[in-house]
Amino acid sequence: MATVEERLTALEQENVALKKSDELQTIALRALVTKDAFEALRDTNNKIFDVLMSHNQLTNERLGDLQTQVIELDGKIVGLQTEMRQHFEQQDGKIVGLQTDMHQRFEQQQTVIDARFEQQDGKIVGLQTEMRQRFEQQQTAIDARFEQQQTAIDARFEQQDKHIAGVRGELTIQGQKLDQMLNLLTALGPKPDQG
């Protein structure tokens, strides 16, 4: 999949190509058309160019918005990872505290502590299992959210591609109309004297 910068570069290249095509058409028309007709055509071309520039600006703004959203999501993911690390550190601290307490009691009452130690081991394993499950659930939720955002971004790019294809189609139709007008003007233009 093309990156935002690649799509932006492609749009700029298409814009340059359209400008060159517009300049060539203008040169051809200057040679064949009267000044009034040329002015009307130039106004039409200026309007088309203005529409393309507006569309280009809108596309750039939307791409900027999408990039901002991706950056925000990255920040949220990093925050969630940091929070999970802190929770793990807190759990580790609690486990260390429980182990120290168990060692002190073990010195006082060997028989009772053995039974309690086994219970605490079971609790610790349960806590670790629960934490692993919670972490997996959080990771699954994060992955799903990221996938949804990626799908939304892809859909927006597809919409932009369709819109650009529509504009290209319209430009092609306008070019064909200009060719027809040139052919008609050439056919209707003054004929050289024969004789």
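Among the residues of the range 63-110, not one is among the hydroxyl-bearing types (Ser, Thr, Tyr) and outside any helix (DSSP H, G or I). Mind checking whether some residue in the range 123-136 is over 30 Å from Thr82 (Cβ atoms) and basic (Lys, Arg)? No, there is no match, as no residue in the range 123-136 is over 30 Å from Thr82 (Cβ atoms) and basic (Lys, Arg). Filtering Thr111, Thr140 for residues that are of a type in the set (Ser, Thr, Tyr), exposed (fewer than 10 other Cβ atoms within 10 Å of the Cβ) and either more than 30 Å from Val16 (Cα to Cα) or free of Cβ contacts under 8 Å to residues at least 40 places away in the same chain (or both) leaves a single hit, Thr111. If you go through the range 147-169 one residue at a time, do you hit one that is more than 30 Å from Asn45 (Cβ to Cβ), part of a helix (DSSP H, G or I) and of a type in the set (Val, Ile, Thr)? Within the range 147-169, one or more residues are more than 30 Å from Asn45 (Cβ to Cβ), part of a helix (DSSP H, G or I) and of a type in the set (Val, Ile, Thr). For the range 174-189, the condition holds for no residue, the condition being that it is closer than 25 Å to Glu6 by Cβ and part of a helix (DSSP H, G or I). So is Asp101 surrounded by 11 or more Cβ atoms within 10 Å (Cβ to Cβ) and without any contact (Cβ under 8 Å) to a residue 24 or more places away in the chain or not? Against the criterion (surrounded by 11 or more Cβ atoms within 10 Å (Cβ to Cβ) and without any contact (Cβ under 8 Å) to a residue 24 or more places away in the chain), Asp101 qualifies.
Here, each number is a calculation from the coordinates, and none is a lab measurement. All of these numbers come straight from a predicted model, not from anything done at the bench. Neighbour counts are summed over all protein chains in view; Cβ atoms, including those assigned to glycine, are modelled from backbone coordinates with ideal geometry.
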